[in-house]
Each structure stands twice: as C-alpha cells, then as structure tokens.
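What follows is a set of notes on a single structure, which appears directly below.
What follows is calculated from the coordinates using simple rules that are stated; it is not laboratory data. Just so it is clear, the model here is predicted, and its values are computed rather than measured.
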Amino acid sequence: MIEHPNRKSTRLAGFDYSSAGMYFITLVTHERRHLFGEIITREMILNDFGKLAASEWLLSGQIRQEIELDEWCIMPNHFHGIILLKENKQRGLLSGTCVNGIDRKPKSLGSLVAGFKSSVTHKINERRGTPGIPVWQRNYYDHIIRDEKDLNRIQEYIINNPLKWEIDREYSDR
C-alpha cells in the first residue's frame, strides 16, 4: 500500500458505504476546469463532454442493479447526483479492493463513483487524444441522506443549481 500522509479521507469514519440508503455526491473536475458546457441564461448547456458524462451516468443506473438514480445535474465543472443504494444481503460479505488505502467494496458508493469517474475519464481522453490526463479531482464529496426533509432540500438544490451558478462554491469564471 502506498502511504499518502497529507491525504485525509472525507468519508464518515466507521460508516459502511455499501449499506442501503440514499447518498448525495458531488464530483469536481480537475482544477475546476469548465469541461462539460456552460450556463447560458441560467440554463446548463451541455457540450459533447457533458453529454458523454450524462450518458455514462444513465448507463451506470442501467448496468448496476444495486442502485437507483434520483435527481442529478451536470454543471460546467462539477456533477451532483443522488443515489439510492438498494438493500443487498450479500453486499457486506463481499471483499473489497484497497485503492490508496481506501477499502472499496463491490456494489458500494465508492465502487459506483470510481467506475463512473473512470469511464468518463477514459472516454473523454480517448476523444481528445490525451491518455492519462486527469478529468476529475482525486476525491468526491458525499452526504448520507438521513430523512425526507434532507432529501427534499438536496433535490431542490440540484434542480436549482444552474439558476444559482454565480453564487455556487464551485463557480469560477474561467
């Protein structure tokens, strides 16, 4: 295992991210580059890379029987999504892989995010002829959705994200 002394996990210590529940994730592009399109008159207009990311997200929901996709949106330099990880009695019995010191179980939130980021990165780099160039920041933000009120608040945030782009913490006018 490679040691990364300055890297701190943003995951909730001791929480099993393969357990059933709803999760809110945010993935940010490498160096916050505007890679997926632009906001025009408060509406997100996806470019080819944004359409590719959208297609890969929808494909994730089709090929992974353990999840259901809820609200999601792609912004110029980040992605928000709500995922329902379904109950699976065998999930906890599966052994995980260790990546950068993080145990990633199959059919877990980490496995979903890693697969999505990897496929988007591979396809974007293939299209632009830039193998090995990062598309995403190293980690991702997650929030465990605890109740209906929390879910409704986050759904509203995602839906209204393009309308509030200029006050979004990921906003930059690059």
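Observations on the structure shown:
- Contour minus Cα-Cα distance for K51 and R128 (0.36 nm per residue): 26.3 nm
- Extension gain for E166 to S118 (0.36 nm times residue separation, less C-alpha to C-alpha distance): 14.4 nm.
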